[in-house]
Amino acid sequence: MSAITVNKKVCLLGDFAVGKTSLVRRFVYDRFEDKYLSTIGVKVSRKTVVAPAAGRVIDLAMILWDLAGSEEVDKYRESYMRGAAGAVLVCDLSRPETFDHLPVYVDEFLVVNPQSQIILAANKSDLTEALRLAPNQIESYAGSLSIPYFLTSAKTGDMVEQLFRQLGRLLLAGDLAT
Amino acid sequence: MPNHGHAGSHQDQVIGDQISGSASSLDNLRQILFHEQIEKIEDVEAGLEELERRINDERALVKMIAPVLGEAIRLKIREARDELIEALYPIIGQVVQRAVTEAVRDLARTLDTQVKRSFDFRLAWWRLRARISGASEAQIRLREMLPFTITDILLIHRETGLLLCHLRSDQSVATDTDLISGMLTAIRDFSQDTLGSVDQEGVGEIMHGNQRILMETALYTYLAVIVDGIEPAGFRAEMRERLMEIEHNYADEIRGYQGDSQTLTGVEEPLRTLMSASAGQKLSEGQKRVLAGAAGALLVVLVVSCLAISWVWRLGAASAERRAAAIPPSATMTSVPTETRTPLPSPTPSPKATVTYTPTAIPSATVTARPAPVVGVMIGNVWLRSAPSYDAARVGVILNTGDQVEILSRSGEWIYVRRISAGQIEVTGWLPARWIVAPTLLTTPGAQP
Ligand SMILES: Nc1nc2c(ncn2[C@@H]2O[C@H](COP(=O)(O)OP(=O)(O)OP(=O)(O)O)[C@@H](O)[C@H]2O)c(=O)[nH]1
Ligand SMILES: [Mg+2]
């Protein structure tokens with residue numbers, strides 16, 4: 001069966017150390033690492049998923065751009081965002097400030113890519129002792145943007161697959177609409 | 001000496017005594033007369049013996065000679081240089097000669113193929129170019145012989161960094177071109193932001209040892225060609241031409257590119273042409289015959305006119321060659337690397353969705369191991385589905401009115417839940433939001449993005 005291949009650029013956005021790189025690593029390589037190596041600039045990875053869309057089978061290659069975290073709007077990040085079809089917003093459930101900063105990323109991203117799909121990952125759900133964000137806060141923020149959200153853990157792998165697959169569906173659905 | 005005088009008076013008797021009687025007295029005499037010499041001889045003998053021992057014992061000998069050897073050699077070189085060179089030549093000379101011969105043979109081999117390929121014509125061409133450029137003929141010839149191969153050609157969408165098309169000369173090596181094109185684009189964006197101005201072309205090439213990535217940029221796409229060695233003159237112009245050709249022929253598809261490479265079928269043809277450029281400027285048999293004939297005729301003519309005509313011919317041959325190269329050679333090329341695929345659960349059949357069956361005793365543990373959940377209560381009897389859509393497969397479980405659910409995620413009007421009612425098997429799945437009431441649940445109006 002020769003399927004159609006569709007490539008989509010996806011950005012991971014969020015503060016330092018919220019787990020963007022870890023989410024990608026879990027999704028692409030199914031691995032996790034405890035040590036923290038801050039991403040400098042950008043790291044590109046790819047994962048292909050098979051998805052049905054409009055009665056056809058499509059190979060969706062997600063080209064994942066894992067961007068360095070930083071709260072300030074910076075011009076480098078803006079050019080890395082260019083041309084993305086989707087974004088994964090990431091915050092850390094144990095650090096409320098990472099959640100508070102999400103609107104910065106959303107605004108920046110939507111200015112560059114108004115037609116894109118966004119999904120929210122509230123990460124590190126495994127840190128049950130240290131959770132400082134209530135899931136209903138996440139829920140209400142995601143609701144206000146009308147975007148899906150997932151409580152993920154790159155460490156245990158919980159909801160990571162579902163997160164990216166849901167984004168994949170949205171990316172292809174967005175295609176059909178245009 | 002009184003003794004002597006006394007002995008002299010009885011000389012005969014004494015002598016007779018000695019001859020007849022005791023040899024020991026002769027010895028005594030010898031001792032008296034020569035004892036100093038004898039001792040010296042014994043010393044010399046001992047010394048000789050020691051010397052012999054040292055010479056025969058290799059280690060002792062080395063120990064003895066080493067301190068003076070270096071000095072001796074230095075002295076010898078200073079005093080008799082030629083002599084030494086002569087002595088050493090058979091050893092060192094051979095080594096040097098072998099190395100040089102090898103290098104020369106390699107050079108000769110390249111020269112041979114070049115000369116065979118081009119006959120005298122190319123020589124004339126070199127000579128002419130040398131004269132025009134002011135470089136020596138040898139320099140020009142050397143330049144022509146530098147090896148050049150294209151390993152990969154990538155056509156990349158500028159905005160997204162997505163790979164539009166990929167050709168590779170050698171199928172055996174696998175490079176992840178998707179990632180290369182992404183990272184390349186990131187590098188270009190970065191340098192553009194830090195160093196560039198808007199009208200600048202951006203990064204033109206990246207070097208890594210003998211390998212380089214040559215880049216030519218157009219409005220929506222750019223071409224990255226990974227090469228080994230030095231590209232021939234005019235290669236970049238060729239790159240630009242092919243790129244323009246592509247942008248012109250696929251203007252609409254490229255401008256609104258949505259990631260579907262199917263819209264760009266046929267885009268690799270111009271790139272094949274480019275790829276064949278590295279196969280070298282080989283001439284066909286027919287061209288060679290023409291070339292030979294022309295060369296023979298020209299040799300008769302004056303040197304100056306010979307050079308001029310050869311130049312004109314060369315220009316013609318180059319364009320004929322390019323036309324001939326438009327029919328791609330048998331070189332194997334691939335597009336788009338293979339990769340691992342993970343199937344997404346299809347929304348239509350296959351009830352393979354995320355169903356987690358856990359024994360009833362455990363759910364309480366599972367629940368407490370998670371962040372304080374958003375809990376809702378069912379207000380209807382609803383099928384759980386594998387994806388947020390009525391078209392998606394049912395998980396095979398109906399949630400009943402009053403069932404407690406943990407809300408895990410939300411997509412538009414659909415909620416992803418885990419059933420946590422005591423005494424029931426744990427199940428996850430999607431259901432429409434309106435069948436759940438939860439204190440915190442927002443009813444988001446409007447369609448999902
Ligand atoms: N417990 C737990 N730790 C996590 C999780 N995800 C990431 N981490 C840890 O958090 C730290 C930061 O993770 P990264 O993935 O490098 O963070 P990042 O967002 O890429 O950070 P920058 O590249 O600096 O922007 C690492 O030490 C990870 O091991 C998670 O789900 N649970
Ligand atoms: Mg990182």
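Rule-based calculations on the coordinates, nothing more; no lab input. Note that the structure is predicted; figures quoted are calculated from it, not measured. So basically every Cβ, Gly included, is an ideal-geometry build from the backbone, and we count neighbours across all protein chains shown.
Figures for the structure shown
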| item | result |
| --- | --- |
| ³J(HN,Hα) computed for each position of segment B:207-215 - Karplus, 6.51 cos²θ - 1.76 cosθ + 1.60, integer Hz, glycine/proline x | 10, 9, x, 7, 8, 9, 10, 8, 10 |
| Order of A:K43, B:K40, A:K8 - criterion: other Cβ atoms within 10 Å of each residue's Cβ, fewest first | B:K40, A:K43, A:K8 |
| Ranking of B:I246, B:I132, B:I32 by count of other Cβ atoms within 10 Å, fewest first | B:I32, B:I132, B:I246 |
| For chain A, built as a Gaussian network whose Cα springs stay under 10 Å, the top-fluctuating residue of A:R165, A:R82, A:R56 | A:R56 |
| Three-way shape label, segment B:204-255, alpha-carbon gyration tensor, a/c 1.5 | prolate |
| Helix-only mean residue ellipticity at 222 nm for chain A, each DSSP H run of n ≥ 4 adding -39500 (n - 2.57), per residue, nearest 500 | -10500 deg cm²/dmol |
| Inter-chain Cβ neighbour average for residues A:80-89, partner chain, 10 Å | 3 |
| Amide H contacts of B:C165 (H built 1.01 Å from N, under 5 Å, at least 5 apart or other chain) | B:L155 |
| Simple label model, 7 Å out from Cα along Cβ direction - A:I4 to B:S25, nm | 14.2 |
| Residue exposure sequence - B:I206, B:I180 - by fewest surrounding Cβ within 10 Å | B:I206, B:I180 |
| Of A:K8/A:K155; A:K35/A:K155; A:K8/A:K35, those spanning more than 23 Å from alpha-carbon to alpha-carbon | A:K8/A:K155; A:K8/A:K35 |
| Extended-chain gain in nm, criterion 0.36 nm per residue less alpha-carbon gap, B:E269 and B:D228 | 12.6 nm |
| Residue-by-residue Karplus 3J(HN,Hα) for segment B:29-35, coefficients 6.51, -1.76, 1.60, Hz, glycine and proline x | 4, 4, 4, 5, 6, 10, 4 |
| Shape of segment A:8-157, Cα gyration tensor, a/c cut at 1.5 | rounded |
